[in-house]
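The values are calculated or read from the model by the stated rules, or taken from the named source; none is laboratory data. Bear in mind the structure is a predicted one, so any value in this text is a computation, not a measurement. Quick reminder, even Gly has a Cβ in these numbers, built from the backbone with ideal geometry, and neighbours come from all protein chains shown.
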Amino acid sequence: MSKIVLTTFNARYTHTSIALRYLYANLKEFKSEAVIKEFVINSQVSDAIEVVLKERPIIVGVGAYIWNANEVSEFITTLKSVAPDIVIVLGGPEASYLPHRVDFSKADYIIQGEGDEAFYTLCRQILDSRAPKERFIKAKLVDLDKIELPYEYYSDRDVAYRQIYVESSRGCPYSCEFCLSSLDKKVRKIDTDRFLNQMQILWDRGVRSFKFIDRTFNLAISTANKLMDFFLSKEPPYFLHFEVIPDNFPSSLKKRIKEFPPASLQLEVGIQTLNPQISQNINRKLNIEKIKENLKFLEEQTNAHLHVDLIVGLPGESLEQFGENLNLLYSMTKCEIQIGILKKLSGTTLNRHDKTYGMVYSHKPPYDILQNNLISFEKMQKMKRFARFWDMVYNSGNFKKTFTCIAKDGSVFEDFFKFSEWIYSKTESTWQISLDRLAKLLYDYGDEELGLEKDNLKEILKEDILRVEGRKLPKFLRVNESVVKDKNRSLKTFNKRQLKHTKD
């Protein structure tokens, strides 16, 4: 039995909550009386409640995020119904900012902001029968050099089967209006030696996949260099994920990035828009020439796997302008291009554009845009399907060469939009389309709509599919079936998707 249960619903089983482990690490004398119970958003909420109730807790702390807001709402409502004496404490970004757009009314307390220390203080007050009257607890920013770090509380099972999240800093100096990170404008760094000591312990326990959640990893170059040196001193295989700003790659950082072997380094590069006027409108820093220069370097001189992102529906940006952005970005890099749909999160200043641009958003998570005065609801629906098919065909890496047959440089947006419209007319769905079926749809489109030479198209599809070791060809391609050995087999445990994008 545990007096305190810390819980949340992760997006996938392979994900872990670093936030819960921070809370646990800083519970001081209550640590021995606390337990972490993680669930997945496709779990039955009633099953999660059953697991929590077995601990007979006094306090249940719940992490609320955009991806699990509905599950959290159902969880706390049902838990309060069956166990009204349990004190429910809610935290996380979705709970921290008003207005709440899902029902969190059954939470006894809501911690707004960083809960590392505030949760402990609240638990102590509750357990000492000094529970505060105020429902909303406004937490102060913590001193990252004084709080306990969470990494020893990743279990052996986490290490063996799940993603390990780490952070060397918090905050972001930029003011992008769609992003909650912009509300904490001061970047606070964890002492680098202290942090690397924890990374060494994780490494010694067998961790080889590290996902950094720092918002601007390459802001402080001396720190970034030191962290990269730590991993470059290790024996591959390993896998690192960093979020980086696109215009800050001095020579010292470039030198280190070039040293990482294939499929070991993934960089998430924030772009959002390449339109200077739109960028200025949302307080997004944009230096197109630097972006071009750095993407060219990363593309041509390194083995880094890149994610760059564009957003559909930004205030004042038409669909035609978005298409120009995508065409330009595709001409600059052939890496993964994540196409996101604008979301309005509580706490951001994005709502100041609502009246001017007729911005209409869904009231349900993830609060994505439905329409504005430049993009109708119908066109926005088409772009949501476009984004889904783009991810299936282009970003997946499953059809790298086939993609170039259906979408050409200079008109990639226009060409793929036509394909997106066509494939939806055939499937009436963007989900549950198998790899074999998708391959046949691509073949049919190339044959029937584009008039491509059949045998050549089949050979290209074969080459794409057999890039992954052990795959079998769809029936319509099985003539002289063969299997290609994966030249990077030792890495595939960590980064199957990235391996599809490695240079031939």
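Return yes or no: is GLN381 without any contact (Cβ under 8 Å) to a residue 40 or more places away in the chain, within 24 Å of GLU336 (Cβ to Cβ) and part of a loop (DSSP other than H, G, I, E, B)? Walk me through it before giving the result.
Details: without any contact (Cβ under 8 Å) to a residue 40 or more places away in the chain: yes; within 24 Å of GLU336 (Cβ to Cβ): yes; part of a loop (DSSP other than H, G, I, E, B): no.
So GLN381 fails the test.
Hand me the list of helices (runs of 4 or more DSSP H) wholly inside the stretch 213-308 holding 1 or more residues that are over 20 Å from SER168 (Cβ atoms) and aromatic (Phe, Trp, Tyr). It would help to see each step written out before you state the result.
On the way: elements: 221-232, 251-257, 276-281, 288-301.
Passing ranges, in order: 288-301.
Might you let me know whether the stretch 172-184 holds any residue that is touching a His at 6+ places or on another chain (Cβ under 9 Å) and in the same structural domain as LEU314 (by TED's automatic domain parsing)?
Of all residues in the stretch 172-184, those touching a His at 6+ places or on another chain (Cβ under 9 Å) come to 177.
The next check asks that each one be in the same structural domain as LEU314 (by TED's automatic domain parsing); those that pass are 177.
Yes, that holds for at least one residue.
Yes or no: the stretch 390-408 includes at least one residue that is without any contact (Cβ under 8 Å) to a residue 40 or more places away in the chain, under 15 Å from PHE419 (Cβ atoms) and not in a loop (DSSP other than H, G, I, E, B).
yes
Among the residues of the stretch 1-14, what is the count of those that are surrounded by 18 or more Cβ atoms within 10 Å (Cβ to Cβ) and out of contact with any helix residue (DSSP H, G or I) (no Cβ under 9 Å at 6 or more places or on another chain)?
1
Given the criterion among the β-branched types (Val, Ile, Thr), under 23 Å from the mean Cα position of the chain (by Cα) and crowded, with 18+ Cβ neighbours inside 10 Å, identify the matching residue among ILE337, ILE406. Give the derivation first.
Working: ILE406 fails: under 23 Å from the mean Cα position of the chain (by Cα).
After applying the criteria, what remains is ILE337.
I need a count of the residues in the stretch 347-378 that are touching a residue at least 12 places away in the same chain (Cβ under 8 Å), surrounded by 14 or more Cβ atoms within 10 Å (Cβ to Cβ) and assigned to a helix (DSSP H, G or I).
Result for the stretch 347-378: 3.
Considering only the stretch 69-79, I want to know if a residue exists there that is polar (S, T, N, Q) and either assigned by TED's automatic domain parsing to the domain that holds SER168 or on the phi > 0 side of the Ramachandran plot (or both). Spell out how you get there, then give the answer.
Of all residues in the stretch 69-79, those polar (S, T, N, Q) come to 70, 73, 77-78.
So of that shortlist, the ones also either assigned by TED's automatic domain parsing to the domain that holds SER168 or on the phi > 0 side of the Ramachandran plot (or both) come out as none.
For the stretch 69-79, residues polar (S, T, N, Q) and either assigned by TED's automatic domain parsing to the domain that holds SER168 or on the phi > 0 side of the Ramachandran plot (or both): absent.
Looking only at the stretch 409-453, filter to residues that are among the acidic types (Asp, Glu) and in contact (Cβ under 8 Å) with a residue 40 or more places away in the chain; which one of those is surrounded by the most Cβ atoms within 10 Å (Cβ to Cβ)?
Of all residues in the stretch 409-453, those among the acidic types (Asp, Glu) come to 409, 414-415, 421, 428, 436, 444, 447-449, 453.
Narrowing the set further to residues that are in contact (Cβ under 8 Å) with a residue 40 or more places away in the chain leaves 409, 414.
Values: ASP409: 11, GLU414: 14.
The extreme case among them is GLU414.
Could you identify the single residue in LYS189, LYS234, LYS255 that is over 26 Å from THR16 (Cα atoms) and surrounded by fewer than 19 Cβ atoms within 10 Å (Cβ to Cβ)?
On the way: LYS189 fails: over 26 Å from THR16 (Cα atoms); LYS234 fails: over 26 Å from THR16 (Cα atoms).
Just a single option satisfies the conditions, and that option is LYS255.
If a residue has to be surrounded by fewer than 17 Cβ atoms within 10 Å (Cβ to Cβ), under 27 Å from the mean Cα position of the chain (by Cα) and among the charged types (D, E, K, R) to count, how many in the stretch 23-53 make the cut?
1
Can you tell me which residues in the stretch 123-164 are among the aliphatic types (A, V, I, L, M) and surrounded by fewer than 18 Cβ atoms within 10 Å (Cβ to Cβ)?
Looking only at the stretch 123-164, we keep the residues that are among the aliphatic types (A, V, I, L, M), and these are 126-127, 131, 137, 139, 141-142, 144, 147, 149, 159-160, 164.
Result: LEU127, ALA131, LEU141, ILE147, VAL159, ALA160.
Taking the stated definitions as given, is SER168 at pLDDT below 95 and among the small types (Gly, Ala, Ser)? Before the answer, list the steps.
Working: at pLDDT below 95: no; among the small types (Gly, Ala, Ser): yes.
Criteria not met by SER168.
Where residues in the stretch 310-346 are in a strand (DSSP E or B) and in contact with a Ser or Thr (Cβ under 8 Å, 6 or more places away or on another chain), which of them is nearest to THR404 (Cα to Cα)?
Checked the stretch 310-346; the qualifying residue nearest to THR404 (Cα to Cα) is LEU310.
Out of the residues in the stretch 278-307 meeting the condition of being closer than 19 Å to PHE239 by Cα and touching an Asp or Glu at 6+ places or on another chain (Cβ under 8 Å), tell me which one is surrounded by the fewest Cβ atoms within 10 Å (Cβ to Cβ).
My answer is HIS307.
Scan the stretch 1-52 residue by residue and report those that are free of Cβ contacts under 8 Å to residues at least 24 places away in the same chain and of a type in the set (Gly, Ala, Ser). Don't jump to the end; show me each part of the working.
As a first pass, look at the stretch 1-52 and keep what is free of Cβ contacts under 8 Å to residues at least 24 places away in the same chain: 29, 31-32, 42, 44, 47, 50-51.
Correct list: SER32 only.
Tell me yes or no: at least one residue of the stretch 103-123 is part of a loop (DSSP other than H, G, I, E, B) and on the phi > 0 side of the Ramachandran plot.
Keep residues of the stretch 103-123 that are part of a loop (DSSP other than H, G, I, E, B), which gives 103-108, 113-117.
Subsequent filtering for residues that are on the phi > 0 side of the Ramachandran plot retains 113.
So far as the stretch 103-123 goes, yes, one or more of its residues are part of a loop (DSSP other than H, G, I, E, B) and on the phi > 0 side of the Ramachandran plot.
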